[in-house]
Amino acid sequence: MAGPLADKHVVLGVTGSIACYKALDLASKLVQAGALVDVIMSHGATQFVTPLAFRSITHRAVVTDSFDPDSEYSVEHVALAQQADVIVIAPATVHCIAKLALGLADDSLTTTVVAARCPLVVAPAMDGNMYDHPTTQENLATLKERGVVIAGPGIGRFASGLSGVGRLLETPDLLGNISYAMGINGDLAGKTVVVSAGGTMEPIDPVRVITNHSSGKMGYSLAEAARDRGANVVLVTAPTNLTAPALIDVVQVNTAEEMRVAIQARTATTDALVMAAAVADYRPTKAEDQKIKKTEDDLNIPLSKTTDILKNATGNFVRVGFAAESQNLVANAKAKVEAKQLDLIVANDITAEGSGFGSDTNQVTLIDRDLGVEELPLLSKYDVSNRIWDRVKDFFRD
Ligand code: PMT
């Protein structure tokens with residue numbers, strides 16, 4: 001199974017909040033992502049959701065008591081702490097956060113945290129006033145200073161009917177925070193990368209646009225893979241149906257020109273620019289102010305060339321392009337390496353099965369600035385991304 005959580009050992013701590021029901025979904029998604037999940041529940045959590053519910057999802061024993069004589073481990077908290085690749089506490093109550101900040105270890109979960117040396121993710125869930133309280137804020141600041149990843153909380157409606165900041169993050173965001181925490185000291189730590197994604201939209205009139213079939217999946221996977229290896233990531237994206245990934249600076253644009261401006265504004269501080277976006281080569285010379293009426297049999301729309309973003313991006317960074325080709329893949333891609341002065345191009349045969357636009361997989365050929373060719377097999381877009389970052393590392397300027 002592909003992805004950052006495959007074969008990872010996750011200890012999921014669940015403490016007493018109505019948001020416990022969401023932790024069931026998190027446990028399920030972790031298991032689906034290939035993780036081995038051991039759940040530790042506080043006494044309060046067991047009042048909201050049963051251990052059996054977690055056990056049914058994880059297919060593993062659920063820890064609820066430090067002094068369980070039937071435990072499969074001789075010293076449970078030490079065993080779990082040593083095996084864990086990451087500990088996630090979701091939901092984390094005010095009480096749990098305070099105990100963590102003080103280093104208290106009075107139950108299975110807190111003793112496991114103190115015994116562990118792996119990354120820790122804490123996802124607060126509480127009423128807005130409890131979250132705002134100075135002691136909660138101080139405790140969270142203490143944890144952050146120690147390198148704990150504080151996931152959220154989100155904004156919205158509480159079970160009480162009130163609204164504010166304090167909701168447990170939704171599962172996709174929690175998963176993003178967990179992947180981020182596991183890779184925080186990865187091989188791209190300290191690097192800033194700009195990734196582009198999606199298909200630009202060039203207006204014809206207030207109703208119609210010229211666009212293409214890019215779903216954004218390739219660019220978003222590149223952004224997530226870089227985040228999961230420790231990079232600071234800026235994702236400049238044309239409209240897609242995808243959710244903004246957690247802990248990535250997402251810049252929304254529509255047109256090729258907006259994308260150019262957004263990227264150029266960030267090139268001074270980037271270590272790499274990876275252009276996975278399908279950028280319009282031509283745009284309507286003039287976008288009409290009013291909707292074009294259906295009158296004539298033929299309609300001609302004058303088009304003008306857009307600026308080539310990659311070719312014209314100036315600065316001292318690694319330059320990676322994609323080449324979406326329907327014929328002469330390698331020859332066309334090699335020509336683009338030279339024309340755009342690239343360090344690497346990802347040649348994408350958009351006619352191949354399971355490859356190119358919209359799919360979750362991609363089959364690409366990597367061609368470097370010396371015109372060396374590396375053909376990759378059909379892989380998930382996340383795995384393709386990691387193969388690309390493996391190569392980008394060779395080209396970093398320092
Ligand atoms: O989004 P998905 O559905 O996952 O699909 C992924 C993808 C097929 C869009 C992606 O893998 C891909 O191939 N992206 C590049 C598509 C493309 O526009 O290729 P191109 O050969 O026309 O352009 C070459 C390079 O120049 C690209 O990196 C492009 O981003 C860049 N470019 C193009 C035009 C322009 N005005 N400015 C640019 O910077």
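Numerical summary
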{"quantity": "Nearest 10 degrees, 0 to 90: helix 171-182 Cα axis against the chain principal axis", "calculated": "90 degrees"}
{"quantity": "At 1.567 mPa s and 4 °C, Stokes D of the stretch 192-395 from Kirkwood alpha-carbon radius, µm² per second", "calculated": "75 µm²/s"}
{"quantity": "Extension reserve of the His133-Glu170 stretch, reckoned as 0.36 nm per residue once the Cα distance is removed", "calculated": "11.0 nm"}
{"quantity": "Most positive-pole-ward Cα, Gly199, Val114, Val384, against dipole of the chain from beta carbon charges", "calculated": "Gly199"}
{"quantity": "Qualifying aspartates and glutamates (Cα of each under 19 Å from Cα of Lys8; at least 8 residues distant if same chain)", "calculated": "Asp25, Asp38, Glu76, Asp85, Asp173, Asp187, Glu224, Asp228, Asp383"}
{"quantity": "Simple Cβ-charge dipole of the stretch 165-246, Lys/Arg +1 and Asp/Glu -1, about Cα centre, in debye nearest 20", "calculated": "80 debye"}
{"quantity": "Listed residues Phe317, Met41, Ile248: farthest to the positive end of the dipole of the chain (Cβ charges)", "calculated": "Phe317"}
{"quantity": "Order by protection proxy (mean Cβ within 10 Å, highest first), peptides 137-150, 356-369", "calculated": "356-369, 137-150"}
{"quantity": "Residue pairs, from the table Lys291/Lys311; Lys22/Lys144; Lys305/Lys381, whose Cα atoms sit over 28 Å apart", "calculated": "Lys291/Lys311; Lys305/Lys381"}
{"quantity": "For the chain: relative contact order, % (alpha-carbon pairs under 8 angstrom, 6 or more apart)", "calculated": "11 percent"}
{"quantity": "Accessible area of the stretch 192-395 belonging to carbon and sulfur atoms, whole % at 1.4 Å probe", "calculated": "46 percent"}
{"quantity": "Surface per residue (accessible, 1.4 Å probe) for the chain, Å²", "calculated": "48 Å²"}
{"quantity": "Candidates Leu222, Leu30, Leu242, ranked by Gaussian network fluctuation over the chain, Cα under 10 Å, top entry", "calculated": "Leu242"}
{"quantity": "Cβ-placed point charges (K, R +1; D, E -1), dipole of the chain about Cα centre in debye, nearest 20", "calculated": "680 debye"}
{"quantity": "Distance (nanometres) between label positions extended 7 Å along Cα→Cβ at Arg146 and Gln264", "calculated": "4.8 nm"}
{"quantity": "Computed E for Gln83/Leu242 - FRET, C-beta separation, R0 30 angstrom, nearest 0.05", "calculated": "0.35"}
{"quantity": "P(r), alpha carbons of the stretch 9-182 - 5 Å bins starting at zero, rounded %", "calculated": "1, 9, 19, 24, 23, 14, 7, 2, 0, 0"}
{"quantity": "The chain: angle of helix 381-395 to the longest principal axis, Cα-based, in degrees nearest 10", "calculated": "80 degrees"}
{"quantity": "Normalised contact order of the stretch 216-268, rounded percent, pairs of Cα under 8 Å and 6 or more residues apart", "calculated": "31 percent"}
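The values are calculated or read from the model by the stated rules, or taken from the named source; none is laboratory data. Predicted model only: the values in this text are computed from it and were never measured. Don't worry about glycine lacking a Cβ; one is built from the backbone with ideal geometry, like all the others, and counts go over all protein chains shown. Note: accessible area is taken over every heavy atom of the protein model, side chains too, but ligands, DNA and RNA are not part of it. Shrake-Rupley method; radii C 1.70, N 1.55, O 1.52, S 1.80 Å.
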